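Asker: Just passing along the structure, written as structure tokens.
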Amino acid sequence: MFKKLCLLAISTFAFFAAYAQEGLYFPEPAGEWAIKKPADFGMDASELQRAVSFAEFHEYSGPKDLRRAILKGFEREPFHEVLGPVKPRGGPAGMILKKGYVVASWGDTKRVDMTFSVTKSFLSTVAGLARDRGLMGSETDLVSEYIWDGTFEGAHNGKVRWSHLLQQNSDWSGSLWGLKDWADRPPREGGVDDWKYRPLREPGTVMEYNDVRVNVLAYSLTQLWRQPLPTVLKRELMDPIGASPTWRWFGYDHAWSVIDGYKVQSVTGGGHSGGGIFISAEDMARFGLLFLGNGEWDNQRILSEAWIKDAITPSGPNPNYGYMWWLNQPGDRHWEGVPDTVYYAAGFGGNFIVVAPEEELVMVLRWLEPSEIGAFVQQVLKAMP
């Protein structure tokens, strides 16, 4: 079954890669987006407006004080606390792009807000840039071949490969910045002793969503690049796609190491304890449009097609997860009536970047009740000819 899913994902990617750049519009650097009427693409404006109204009505039910929301959302975790920057959120906002043009928008699309685990899709892209630039031979390499400071020592951690970290199936064991892997999203069954002394799973066999291990990836990539990851992301991707100067990427207040004699902060792959990427809906849309274009931006190659293909290939333990992108493949997170080729970045509080290659759509949503994202995408697709 898994082999069939991989073959389907690869063949589908190849089909859409052939025409992904054809006719796409790319906005000017930090400029206004061109707007087109839905009718220009044969879309049903009334159905599209229903999708917008749906997003506005189904606002995330948590408080706008995100410090409160974080502490409440992760209260089961022993030792959980806010360690990095947090800011109050805005109201519902979003954009729908067709071939790069804005066909619908709502709310304040320029407002900078936290994105939580949407950050993970940016983080995995930094790994892709490292592979493209030759810093990483292959994501199937052992991480210990690159990071030799003890982070990947031992019989278990020594087996961890970059791909395991990217797919969240490493079961890396230890602590980073004082945070223990077993205390992050512990099982509902058992107690502290059960969680601490559980048997470790072979890397690559079981997916477990875990921000400590995600931050191990961020730390390892920082060591690989020998630079702060926000600097890398800005130079290699965000500036070339014309993002505004308003986005930021934060780590925990105490997450610093020394590289080449300079203090460097290690960023986080989410906002679970604060930090992560703070960004506007418009800059999120640029990132999504880069993926819709299979790594090219206005005829400039930013990210290899090969990396995007690998990033949206189902992982063995979870067919709905690639390299920190969620995939609408058959499985527990499949949206009925939505093409299997759709993939998306998702973060706490209802933050999403949805890429629909067949329809040449990018959808960005801020503060949608998370359980409603499938219904929203289904409603948008009703507007298609």
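Asker: Would you list which lysines come within 21 Å of LYS382, measuring only between C-alpha atoms, while excluding same-chain residues fewer than 8 positions from it?
Answerer: LYS36, LYS37, LYS98, LYS99
Asker: Going by average Cβ neighbours within 10 Å, how do the peptides 192-201, 365-374, 43-52 rank, with the highest at the top?
Answerer: Result, highest mean Cβ count within 10 Å first: 365-374, 43-52, 192-201.
Asker: Moving to a separate point now. If amide hydrogens are placed 1.01 Å from N in the peptide plane, which non-local residues have theirs closer than 5 Å to the one on ASP113?
Answerer: It is ILE279, SER280, by chain and number.
Asker: Output the 0 to 90 degree angle, nearest 10, between the alpha-carbon long axis of helix 45-57 and the longest principal axis computed from the alpha carbons of the chain.
Answerer: 40
Asker: Using θ = phi - 60° and the Karplus curve 6.51 cos²θ - 1.76 cosθ + 1.60, what whole-Hz ³J(HN,Hα) does each residue of region 328-339 get, with Gly and Pro shown as x?
Answerer: Each residue of region 328-339 in turn: 7, 7, x, x, 5, 10, 7, 9, 5, x, 10, x Hz.
Asker: Name the long-range amide H neighbours of TYR323: under 5 Å, sequence gap of 5 or more, or other chain; modelled H, no Pro or chain starts.
Answerer: Amide H to amide H, under 5 Å and 5 or more residues apart or across chains, TYR323 pairs with ILE312, THR313.
Asker: DSSP loop (so not H, G, I, E, B), at most 15 other Cβ within 10 Å: list which chymotrypsin sites (Phe, Trp or Tyr not before Pro) in region 21-59 pass both filters.
Answerer: Those that pass, being in a loop and sparsely packed, are TYR25.
Asker: Only Cα pairs within less than 10 Å get springs; with that Gaussian network setup on the chain, which residue of MET324, MET136, MET363 has the largest fluctuation?
Answerer: Checking each option, the largest mean-square fluctuation is seen for MET136.
Asker: Would you mind checking which residues have amide H under 5 Å from TYR252's amide H? H placed 1.01 Å from N; only 5 or more apart, or other chain.
Answerer: THR268
Asker: Once phi is turned into θ = phi - 60°, what whole-Hz ³J(HN,Hα) does the Karplus curve with 6.51, -1.76 and 1.60 give for every residue of region 175-190, x standing for Gly and Pro?
Answerer: Each residue of region 175-190 in turn: 9, 9, 6, x, 9, 8, 4, 6, 8, 8, 6, x, x, 6, 8, x Hz.
Asker: Between region 75-137 and region 28-43, what is the C-alpha centre distance in whole Å?
Answerer: Region 75-137 and region 28-43 have Cα centres separated by 22 Å.
Asker: With a cut-off of at most 13 other beta carbons within 10 Å, and DSSP calling the residue loop, which GluC sites (Glu not before Pro) in region 55-97 qualify? Please list them.
Answerer: The qualifying sites are GLU75, GLU81.
Asker: Using θ = phi - 60° and the Karplus form 6.51 cos²θ - 1.76 cosθ + 1.60, what ³J(HN,Hα) does each residue of region 128-136 get, whole Hz, x for Gly and Pro?
Answerer: 3J(HN,Hα) across region 128-136, in whole Hz: x, 5, 5, 5, 4, 8, x, 6, 10.
Asker: Using alpha-carbon positions, what is the distance between the centroids of region 154-211 and region 215-261, in Å?
Answerer: When both Cα centres are located, 24 Å separates them.
Asker: Please give the helix 373-382 orientation as an angle from the longest Cα principal axis of the chain, in degrees from 0 to 90, rounded to the nearest 10.
Answerer: 20
Asker: Ordered by packing density, taken as the mean number of other Cβ atoms within 10 Å over each peptide's residues, highest first, how do 122-132, 90-100 rank?
Answerer: Per-residue mean Cβ counts within 10 Å order the peptides as 122-132, 90-100.
The numbers here are math on the coordinates, done by the rules we state, and not lab data. Quick caveat, the model's predicted, so the values are computed rather than measured. Because the Cβ atoms are built from the backbone with ideal geometry, glycine has one as well, and the counts that use them run over all protein chains shown.
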